[in-house]
Amino acid sequence: MIAPARGPTRVRHYACIHPETYKYFFAKHDVLAVWGRLAAIYGEPSVRPGFGVIEIQSERLILRATTGGNPITVIRTRRCTSQDVEALHRVFGFELE
């Protein structure tokens, strides 16, 4: 008998897909709370129902997800610094190792 595949062992993790773009994955039960914290800091998200996209555009970051809100794609703008990324990680509740 083959054992079933196991999922990620970390509840939160991120994947770099481009030097200025990151994807962050969260446990399903945390997604609404994460978007609430992001909205409080970066501004209310806009919703494009035809495309199924939730998005917050701030001066330094663009935060985007499909209607389910997970994963969150983060695009760094030209004004984004490493301190901005560290602040975002604190909002998410973790820092890079």
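The values are calculated or read from the model by the stated rules, or taken from the named source; none is laboratory data. Just so we're clear, the structure is a prediction, and the values are computed from it rather than from any experiment. Cβ placement follows ideal geometry from the backbone for every residue including glycine, while neighbour counts extend to all protein chains displayed.
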Take G52 and decide whether it is touching a Phe, Trp or Tyr at 6+ places or on another chain (Cβ under 7 Å) and either at pLDDT below 90 or on the phi > 0 side of the Ramachandran plot (or both). no
Return the residues of the stretch 24-65 that are under 11 Å from the mean Cα position of the chain (by Cα) and hydroxyl-bearing (S, T, Y); say none if nothing qualifies. Y24
Being in contact (Cβ under 8 Å) with a residue 12 or more places away in the chain and part of a helix (DSSP H, G or I) is the filter here, so list the residues in the stretch 25-51 that pass it. K28, D30, V31, L32, V34, W35, R37, L38, A39, I41, Y42
Within the stretch 72-97, residues being polar (S, T, N, Q) and either surrounded by 11 or more Cβ atoms within 10 Å (Cβ to Cβ) or on the phi > 0 side of the Ramachandran plot (or both) number 2
Yes or no: R64 under 14 Å from F25 (Cα atoms), surrounded by 12 or more Cβ atoms within 10 Å (Cβ to Cβ) and in contact with an Asp or Glu (Cβ under 7 Å, 6 or more places away or on another chain)? yes
When you check G69 against the structure, is it on the phi > 0 side of the Ramachandran plot and either within 13 Å of the chain's Cα centre (by Cα) or surrounded by 15 or more Cβ atoms within 10 Å (Cβ to Cβ) (or both), yes or no? yes
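One line per residue, one yes/no per condition, for (1) closer than 16 Å to K23 by Cβ; (2) small (G, A, S):
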{"site": "P49", "(1), (2)": "no, no"}
{"site": "E59", "(1), (2)": "no, no"}
{"site": "G69", "(1), (2)": "yes, yes"}
{"site": "I72", "(1), (2)": "yes, no"}
{"site": "R79", "(1), (2)": "no, no"}
{"site": "S82", "(1), (2)": "no, yes"}
{"site": "V85", "(1), (2)": "yes, no"}
{"site": "L88", "(1), (2)": "yes, no"}
